[in-house]
Each structure stands twice: as structure tokens, then as C-alpha cells.
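Let me begin by presenting the structure, written as C-alpha cells, before commenting on it.
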Amino acid sequence: MDGFLLTHASERVDIPALGQVDAFLPRYEPRQVLDPAEPVSIGAMVGPEAFTEVRYLGHARMQQALGVITAVQADFSAEFGRPSGGLVRPYQTDDADIVVVAMGSVLGTVKDAVDELRATGMKIGVLGITTFRPFPADAVREALGTRRVVVLERALAPGTGGIVTADIRMALAGPPRISTVIAGLGGRAVTRKSLSAMLARAAGELEPLTFLDLDTSLVDRELARMRTTRRSGPSPENMLRDLGITASRIG
């Protein structure tokens, strides 16, 4: 959505010294490499036996990224003396009655408009979403509180409306409480037994996000491999091997 603006506009850029950048960035070490001595399959198909676990692993990695992004932002600010990245970036929100939520290059224009409105006495601010996935729900909730929110969208999901708005509503959701259950990924059967057990829990306490029939031991074994070696191979292939399933059997 920002393509035209980014290619047809110019701004002043603060470029740090190369030595400072090299000292800040860790040495690049690829997790997966092509090595004839250790052959692996990359991009192999995963059937319903492990597809839910593969997708959950991607979700878990995204959730872990929230903490990493926050830590790197703090280190960057300490090293270079200015913020960069992070999860969200508030502007004039401390006493604001109305907060505009936006992403991307439009934030500069929104800030200019906010400054003009502030000059007339209007208490308004801006919350820039710097990290969209994983969505920083806790940071958004803390920044917005119970104030009036206006989401400025740069994309439309036909039939439902704004894409960012849906995530904002999720972050600020109040009663009734909503729980999401992920089921049937990759063609895995959704059984009456599993549904009955899940719905029985819903009568008491059900997590905001649940993966039906998730094999947590399968995920834990892959996470353990990733902690012990960088060359752990593709996660889908590892999980299928743990289940005793090979690509030839699936085909």
C-alpha cells in the first residue's frame, strides 16, 4: 500500500557508522543450509497427522517474537540514541480523548493533522502500529485504554471492512468473552469426542485461543531440537519423522 509513496518521495535519512552497525548486529548463522553430508527435504508436504502442530509451531514462534522485538528495540535505543521498530509508537496520547490508529507512511500526515488539531485545543493523539504480525494486543490495549478510537485503514477486506480494525477490536474486546478454537487444519478429522471435551471446558474456563487435539509433545520435541542445534532441519519433516511417517508413505 505504501509502494507509490516510498518510491516517489524523499526524506532525510540518519545512517549510522558501519562499525557501529557491525557491533550491534549478531553474526549471521543460517539455520538451514544445503550440505550433501546432511541431506534434508525443504518444503515437503505435511498431511493432517502433523499439520496442526506445524501451524501451532509457527504461531508459537510469532508469540515469542513479541518479547524479542521489545528487547531489540531497547538495545537499539541505548546504542543509537533513537527509537526504531518496536511494537507500537504513541504520539501525543498521554492526555488524548481520541486516538487515531494507523500504520505505515500515512502516520507522518496523521501526526501533522494531530498537531493542527492540538493547536485548537482538541485532545487527540496517534498510535502507530509498528509490528502487525505478531499483533501486539497487550501493547495496544495499554496504549488505548477506554478512549475513543479511530482506525485509519489502508486496506479493505470486502464483506467485513477494515483489517486492522478487526485486530484492534480483538485487543479491546470486553464482554461477552470470545474464545477461538482452531480445528481441522490440513484435513484432520474433527471428532465428536474431541468437541464434547472442548465444549465441556467452555462451560467453565476456556482459553482465548485453543488448538483442538494439539499434540504438545510433538511440538515440545521440535522446540527442544531447535534449542540444541541451529541445523535442526525443516520442522515439518522432523515432526513427521517423530510420528514414524515419511513423505513416500504420504504420497
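The values are calculated or read from the model by the stated rules, or taken from the named source; none is laboratory data. Treat the numbers as computed from the prediction; the structure is a model and nothing was measured. Cβ sites come from the backbone with ideal geometry, for glycine too, and all protein chains shown count toward neighbours.
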For this session: Kindly provide the set of residues from the range 1-28 that are exposed (fewer than 10 other Cβ atoms within 10 Å of the Cβ) and within 23 Å of the chain's Cα centre (by Cα), ordered by number.
Result: GLY3, LEU25, PRO26, TYR28
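For the range 118-136, name all the residues that are surrounded by 14 or more Cβ atoms within 10 Å (Cβ to Cβ) and either farther than 27 Å from ILE163 by Cα or of a type outside the set (Val, Ile, Thr) (or both). I'd like the intermediate steps shown before the answer.
The initial filter retains those residues of the range 118-136 that are surrounded by 14 or more Cβ atoms within 10 Å (Cβ to Cβ), namely 118, 123-131, 134-136.
Hits for the range 118-136 are ARG118, LYS123, GLY125, LEU127, GLY128, PRO134, PHE135, PRO136.
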For this session: Sort out which residues of the range 215-242 are at negative phi, in a loop (DSSP other than H, G, I, E, B) and crowded, with 16+ Cβ neighbours inside 10 Å, and write them in order of number.
Result: ASP215, SER232, PRO234
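Within the range 114-123, which residues are among the hydrophobic types (A, V, I, L, M, F, W, C) and more than 29 Å from the chain's Cα centre (by Cα)?
Within the range 114-123, the subset among the hydrophobic types (A, V, I, L, M, F, W, C) is 114, 117, 119, 122.
Matches in the range 114-123: LEU117, ALA119, MET122.
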Exercise. Of (1) modelled with pLDDT of 90 or more; (2) within 23 Å of LEU66 (Cβ to Cβ), ARG169 satisfies all except one. Which?
Worked result: (1)
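In the range 134-164, how many residues are of a type in the set (Val, Ile, Thr) and either modelled with pLDDT under 90 or in contact with a Ser or Thr (Cβ under 8 Å, 6 or more places away or on another chain) (or both)? Walk me through it before giving the result.
Taking the range 134-164 as the starting set, the residues that turn out to be of a type in the set (Val, Ile, Thr) are 140, 146, 149-151, 160, 163-164.
Still in the list and also either modelled with pLDDT under 90 or in contact with a Ser or Thr (Cβ under 8 Å, 6 or more places away or on another chain) (or both): 146, 151, 160, 163.
The total comes to 4.
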